Structures are given as structure tokens and as C-alpha cells.
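All remarks here apply to the structure that follows.
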Amino acid sequence: MSTVRRPDHRSEQHSGHRSARSPHSAGLRHVLTHLITPLLMCIGMGLAYLGAFANPAPHQLPVAVVGSGHSAQLLAQSINDKAGGDLEVRTVGDRSAAVDRLKHQDIFGAYVIPAKGATTGAAKGSAGGASGAGGASGAGGAGAEGAAAGPSKAVPELLVATAGSDTSASVVQKVFTPIAAHQGAPLKVTDVAPTAEDDPTGQGIFFLLVAISIGSYASVVVIGGAGAVLPVRWRAALAIGTSFVVSLIGTAFAGPVFHLVDHGLRGLWAMAWLYSAGILLIGTGLHTFLKRWTTLGVMTLFVMLNFTSSGGIFRPEMQNGFFASLHSFWNGAGFVEGTRSHVYFANYGLSGHVWTLVWWLVAGLLMVGVAALAERRRRTAEAEAAANAAAVAAAAVAATVPEPTAKRGSRTVRSARTAGGAGTDAREGAADVDGAAEADVEMEMEMEEAVGV
């Protein structure tokens, strides 16, 4: 007698729960995978910003003691010995030479020792009154006024250039203020290269760099994602056009909007365009290879390593060796130092900073060229694979389906082929729609990651 096996309701229920959980599991894995990018951004930003800005300290910061006598050499040597490598103290013969070196940014502070026997205006008035004591009553009055004021000792002077770096000028002032106090005189500070009136710290140029950078690398996500269906040359043209707009916006911020600079806007615009175009072209080329990791890639290049090495907050002499070395060739440093040179230091050293920006632009053009070659090879390989698949399918159909002899049969086969072709077209159309929707979702996620940070 055969037995009838009852269905296992528990297994069916377990299978139902498993099938119900599977969509949520797939969604959870999808979210966790995309969370990797912002977590890596968090780690990278922390390492970059805290590593560059957390503990600023001078490293071989060049300063000078102005004077040609033995006392100037002794003071310079004494400061060097006490600094322990933090400062690089040298002697300069006279005040005008010190000013020239400050404007060339060879030094960031110069301590002028008062000459022996020198006096201020009050002391000179006293001497004039003494010489005119036997003269007219007016001269005698002047002498009495000078005597009442009393003689005063000449004070030491510290020369700085805040346009080069406000933080470096502050560090230099902290170094030499105790030295002047030890000599029993207050320290007179003279700024030989002041910043614009509406940018007293000189850090407005750095925040201008931030605005231009964000406008540039965020545009990379749109051009690379939404423009993925366009040829590379079209995307490159869009990148160059977008950089033109971004540079105009940055120039408007620097000039008529916030008055960060009071002259030299044309040169600033040219450097802003070079800087933005380099970022956009490099990012557009990288998108071909990095896809959804492009945001992390451009942020590493143009935020984590770029802002920290630009010299906008702390000059390289105030940072560790890694960021100090990046300052010599990174594009953000080229823009910040180029703008300072053009606006505040009579274009001294400007050509070197402009060449830095040009080389980054050339790197962007090369990156776009490499991306174009890679996409051409990819399309060729896909076309060959599709042709081979079609040939194999046609051979399989020819081998398994005999050629019909009857008219009705041929009509039936043709109808079946037509229906099959229509089904294939429908499937391909659905696949194209799904692919476009998936690309839109990926692009939106990249934009949220870029703009959110």
C-alpha cells in the first residue's frame, strides 16, 4: 500500500521567508557597498587635514637680522642656536635689502637692530632746543618743548609681509617680540606687503580656491555620469566650457562681490581658468576608468592633497615634509602662490606658478586622450563579441531547424522569426532602459557624495 506524503508546511514557510528576505538582503548589500566611499572620504579627510593643520610649527623658516656689525652676527647665531632648526636666521646688510628679500619671499621677517646713538623724533627735538637756547625766543621755546618731552631711545623694528602669509608673520612676531623686550624696548612692526583692505588675513585667496575646486570637481560627476553616452571629445569640450564659467564665477567673487583683491582681476581669471580646466579634464578622463569611484579619486587629488598643500593657511615652512614637498608642484599651490605673486609681489616668480598650472592642464589633456583610446578599444571588443555571438546563434539555428518546404511552413517560420526578432528587440529595449536608469541612479549617488562633502 502506497503512502501519501503530506507537504511539509514548515519547509514551505521557511522558503517563503527566505524569498521575502532576499530582496532586503540585496538592498542592504548595495547600501553597504556604497557606504565604503563616504567612509574612505572620512578617513582621507581626517588624515589630510589633521596631518597638515593640527600641529603647525616652523621648519627652517627663513628670517633675517638686519645689520652689518658683529652684534648682528652674534644675535643671528644666538637665535639659530635656540631655535633648534625651527628657524633659518641670516644677516642682511641694510633695511632696503631686507625689504627686497621680503617682497621676493626669500625671508618672512627681518629684525632691524637700532643703530647706536640713534634717537627718535623726541630726542631730536631736545637736541634742536639745546642748540637754539641762546637764540630767538621761538627757538628757545622749541628747546623747552623738546626738553619737556625728554630724550627717547630708538626702538627695534620688525619687517613682515602679511600678503605672503599672515600666519608666518604672526610666528615671526612671536619670535622677535621677546628679543626686543630683552633689549628694553618695544617692537615696532612694519608690514611691507599688506593685503587688500577687505581681506585682512590674506586667506580669502584660499577660500576662493575652495569655491573654484568644488565647482570643478562636482561638475566632473555630471559630465562623466550624465554625459557617458557622449563621445569623449564632446565631454572634453563640455569640461573646457564649464571651466570657463567656473573661472568667471571665481573672478566675480574675488573682485566685485567680496573685494578680495583690488587689482589684477584679468590675471586672476586666467589662472582660475587654467586651474579649473586642469581639474575638469583630469576628472573627465578618470571617470572612464574609475566610474562611481571618481568622486573619491578627484577628492583625493583636489581636496585632501590639494587644499592642505596649497599654502593658503600655512606655508610649507610651517608644515611637515610631505605637504611641504607637494607645495612645490601641486596645482592648488600654483593658483594660490600665483595669485599672491600677481596681486601683491609685482609678478615676482609668477611664471613658475603659471607653468605649474599649464602642466596640470596638459596632464588633463593626456588623460582625456588615454580615456578616448580605452573607450574605442572597449567598443571594438564589444562589437566583436556581439558579432561572434550572433554568428554562433545563427549557426546553431541553422543546424537545429530544418529549412521548411511547404509554403505554409515557410510562412510559419518567417512569422516565428519575426516574432522572435520582435521579442529580441523588446528585450534589448528593456535592457537599454534598465541600463539608462541604473546610470542615472549611479550619477545621482555620485553627485550626492561630491556635493555632500
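Derivation of every value follows stated rules applied to the coordinates shown; laboratory data play no part. What you see is a predicted model; the values in this text were computed from it and never measured. Neighbour counts are summed over all protein chains in view; Cβ atoms, including those assigned to glycine, are modelled from backbone coordinates with ideal geometry.
Per-structure values
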item: Cα-based equivalent ellipsoid of region 269-378: semi-axis lengths in Å, sorted from largest, via gyration tensor; result: 28, 16, 10
item: Protection proxy ranking, peptides 165-178, 102-115, average beta carbon neighbours within 10 Å, highest first; result: 102-115, 165-178
item: Once the Cα gyration tensor of region 163-235 is diagonalised, semi-axes √(5λ) in Å; result: 49, 11, 8
item: Vicinal HN-Hα couplings computed from phi for region 315-324 (Karplus, 6.51 cos²θ - 1.76 cosθ + 1.60; Hz; Gly/Pro x); result: 5, x, 5, 9, 10, 6, x, 5, 6, 5
item: Other-chain or far-sequence residues with amide H under 5 Å of Leu260's (modelled H); result: Gly255
item: Tail beyond 19 Å, pair distance distribution of region 214-279 (Cα, percent); result: 36
item: Packing rank of 211-222, 372-383, where each peptide gets the mean count of other beta carbons within 10 Å, highest leading; result: 211-222, 372-383
